[in-house]
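The values are calculated or read from the model by the stated rules, or taken from the named source; none is laboratory data. Please read all numbers here as calculations on a predicted model, not as lab measurements. Backbone-built Cβ (ideal geometry, glycine too); neighbour counts: all protein chains shown. Note: areas computed on protein heavy atoms with side chains; ligands, DNA, RNA excluded. Shrake-Rupley method; radii C 1.70, N 1.55, O 1.52, S 1.80 Å.
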Amino acid sequence: MDQEVKACYIHIPFCSHICSYCDFCKFLYEEKIVDQYLLALEKELTSSYRGEVLDTIYIGGGTPSSLTVDQLSRLFSILGLLKKAENCEFTIECNVENIEPEKLSLFKKQGINRISLGVESFQDHLLKKLSRPYTRKEIIETVQQIRSFGFTNLNIDLIYALPGESIEDLRKDLKEALSLDVEHISTYSLMIEEHTVFYLQGVKEVSEEMDEEMYKLISQTLKEHGFIHYEISNFAKKGYSSRHNLTYWKNEHYYGFGVGASGFLGDIRYTNTMSLGKYCRYEYPGTEEKLTTTTMVENEIILSLRTTEGINKQKFIERYGKDPKELYPIEELLEKKWIIEEVDRYRIPEDKWYVSNEILLYFIGEK
Ligand SMILES: C[S@@+](CC[C@H](N)C(=O)[O-])C[C@H]1O[C@@H](n2cnc3c(N)ncnc32)[C@H](O)[C@@H]1O
Ligand code: SF4
């Protein structure tokens, strides 16, 4: 199986503040360190990118928008090394507190055509709890500003199941999100991760019943308002699914550049070093796994069953020479109605996505 690489993720790990719940690879913004980081990023790209034409490029973080205009210009000049397909989806993650007209103008000029804005909640009391440094009013002004620069593909991230959040709070957040008329909404149930302030403070996740009720409310409300629930946590208007994230879920190849970034090339899945010091000294490697066919197939199943596209029978046979039915207890799952079969695919019906982890156990031999 030798797929072409058509996607590239670039990690910008800097943030102007650190949120009490975040366990991602991120560091507090420091001008000089960012400058060194960009040098290292340039060297990594120059030495590892092999010139493929890319369909999607995703600049994620951290908070890419925390960089100064000059640093962002430098970043785009480095990314000029990458060959973009004519209709390449080119996304950048931004936070409300550091979007400025000059940055938006630069993004436009550099071909960014998708912005992902970390909103999380519209309620000032919940934003405070999350230690997010902006208000509902600023979110709305930021979205208007983004639109005024002609960006027509906008995602917002929302977090739900916060301690103390009621169903009514969530209803309000969904109403506000819908009133912004964005093209894409990603929703995440708050996870309390080790090494975060929330964890150290003993903050607990909400009950499973509450989490499920909230998940169902989100799915139902967004669907009623014309969104397609195309992946467990993601909703898009028609034609606006994230092509970049679909690369991951379709188990396709991608580059990952930057500290802590992951990539999948050939039969290797790798993650760069998490150490900013090492990265800036050009010591990029972190961990690497050479996939066996069994792991490759398992990954493919686990990832593709997260989406409405599910397992594409034809593609699966082309890649692995067998119908998934020959390898997995699909009949049993079909009987339970945990999997449905369509002409060209198997997929988990949306009303079972909440228990998808349990369903996936059947594919990794634990049931
Ligand atoms: C790592 S952030 C990067 C983008 C940007 N810095 C931001 O804060 O929006 C991407 C998204 O991950 C989600 N996230 C981060 N930590 C989380 C956690 N502990 N539980 C659930 N979602 C989380 C948030 O919705 C956030 O928008
Ligand atoms: S949630 Fe976003 S802004 Fe907050 S620390 Fe993590 S990456 Fe930075």
The correct count of residues that are over 18 Å from Phe90 (Cα atoms), part of a helix (DSSP H, G or I) and either at pLDDT below 95 or of a type in the set (A, V, I, L, M, F, W, C) (or both) in segment 144-172 is 2
Quick check: is even one residue across segment 259-274 of a type outside the set (Lys, Arg), crowded, with 17+ Cβ neighbours inside 10 Å and over 22 Å from Leu79 (Cβ atoms)?
-> no
Yes or no: Glu231 surrounded by 18 or more Cβ atoms within 10 Å (Cβ to Cβ) and either among the acidic types (Asp, Glu) or in contact with a Pro (Cβ under 6 Å, 6 or more places away or on another chain) (or both)?
-> yes
Only one of these conditions is not met by Cys94: (1) within 14 Å of ligand 2 (Cβ to nearest atom); (2) buried (at least 22 other Cβ atoms within 10 Å of the Cβ); (3) of a type outside the set (A, V, I, L, M); (4) part of a helix (DSSP H, G or I). Which number is it?
-> (4)
Quick one: count up the residues across segment 21-49 that are surrounded by 14 or more Cβ atoms within 10 Å (Cβ to Cβ), assigned to a loop (DSSP other than H, G, I, E, B) and more than 9 Å from ligand 2 (Cβ to nearest atom).
-> 2
May I ask you to list the residues in segment 58-91 that are among the hydroxyl-bearing types (Ser, Thr, Tyr) and either within 16 Å of ligand 1 (Cβ to nearest atom) or open to solvent by less than 10 Å² (accessible area, probe 1.4 Å) (or both)?
-> Tyr58, Thr63, Ser65, Ser66, Thr91
Filter segment 191-210 down to residues that are of a type outside the set (A, V, I, L, M) and not in a loop (DSSP other than H, G, I, E, B) and give me whichever is least open to solvent (accessible area, probe 1.4 Å).
-> Phe198
Spot the failing condition for Cys8; the list is (1) open to solvent by 20 Å² or more (accessible area, probe 1.4 Å); (2) touching a residue at least 60 places away in the same chain (Cβ under 8 Å); (3) out of contact with any Cys (no Cβ under 9 Å at 6 or more places or on another chain), and only one is missed.
-> (1)
Any residue in segment 179-190 that is part of a helix (DSSP H, G or I) and either hydrophobic (A, V, I, L, M, F, W, C) or free of Cβ contacts under 8 Å to residues at least 12 places away in the same chain (or both)?
-> yes
For segment 315-332, state whether one or more residues are open to solvent by 50 Å² or more (accessible area, probe 1.4 Å), small (Gly, Ala, Ser) and either without any contact (Cβ under 8 Å) to a residue 40 or more places away in the chain or closer than 30 Å to Gln220 by Cβ (or both).
-> yes
